[in-house]
Structures are given as C-alpha cells and as structure tokens.
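Data first, discussion second: the structure below is written as structure tokens.
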C-alpha cells in the first residue's frame, strides 16, 4: 500500500513596491528574493512618474534595494534597514 505524501502548500503574498522618480529612465527591483539579478524584476513607470513592481513572495524576511539608472537607492518609504557586506544599507521587509 502506498502512502500519499502531501506537499505543504506555501502561501505566497502579493507585494507591490513603488518608487517615485519621474526623471529616471530605468528602475530595477533587486533583492535576495531574486538573487540580486537585474534581469528578473524591472519596474514599470506609470503616468504619474511612479515606478511599480508586484512580486509574489512566501512569508519571510527579505532585503532589497532599487537600481535607478545604474545607482543604488534605498526605499524612502521604508525605514527598516540593515547593513550589507559593502558597508551600505539595504531595506528590509517582512512578509507574514
């Protein structure tokens, strides 16, 4: 008799990150959730000059930053930060 093994369902949460910088030409969401890969989460600018990206993430702690026209930016709407190995800061978000 075979025993049926059920996989635990991981509930992912929809997270929307935004950055208002109307003069930017390119904004990329970078973080440990995408291995800091610049090709995985490019953001789109809306008509108000706000860049936006929605991601689906399982519960946990995540570090992230924005790459704006080749320059690293922290999220001005998130005061939760931590130091990284380069001596600068990353933003931190917690998904429950």
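The values are calculated or read from the model by the stated rules, or taken from the named source; none is laboratory data. Just so we're clear, the structure is a prediction, and the values are computed from it rather than from any experiment. Heads up, the Cβs are rebuilt from the backbone with ideal geometry, glycines too, and the neighbour counts pull from every protein chain shown.
Counting only strands (runs of 3 or more DSSP E) that sit wholly inside region 23-96, those with at least 2 residues that are touching a helix residue (DSSP H, G or I) at 6+ places or on another chain (Cβ under 6 Å) are 60-68.
When 16, 11 are checked against the criterion of being surrounded by fewer than 17 Cβ atoms within 10 Å (Cβ to Cβ), part of a loop (DSSP other than H, G, I, E, B) and touching a residue at least 12 places away in the same chain (Cβ under 8 Å), 11 stands alone in meeting it. Within region 57-79, being within 21 Å of residue 20 (Cα to Cα) and either modelled with pLDDT under 95 or exposed (fewer than 12 other Cβ atoms within 10 Å of the Cβ) (or both) holds for 70, 71, 76, 77, 79.
Please work out if residue 84 is in contact with a strand residue (DSSP E or B) (Cβ under 9 Å, 6 or more places away or on another chain) and without any contact (Cβ under 8 Å) to a residue 24 or more places away in the chain. So residue 84 fits the description; yes. Figure legend. Inter-residue proximity from region 25-52: first residues exposed (fewer than 12 other Cβ atoms within 10 Å of the Cβ), second residues assigned to a loop (DSSP other than H, G, I, E, B) and at pLDDT 95 or above, beta-carbon distance below 6 Å, spacing 6+ or different chains. Indicated pairs: 25/69.
Of the residues screened, residue 7 is one that is more than 15 Å from the chain's Cα centre (by Cα) and modelled with pLDDT under 95.
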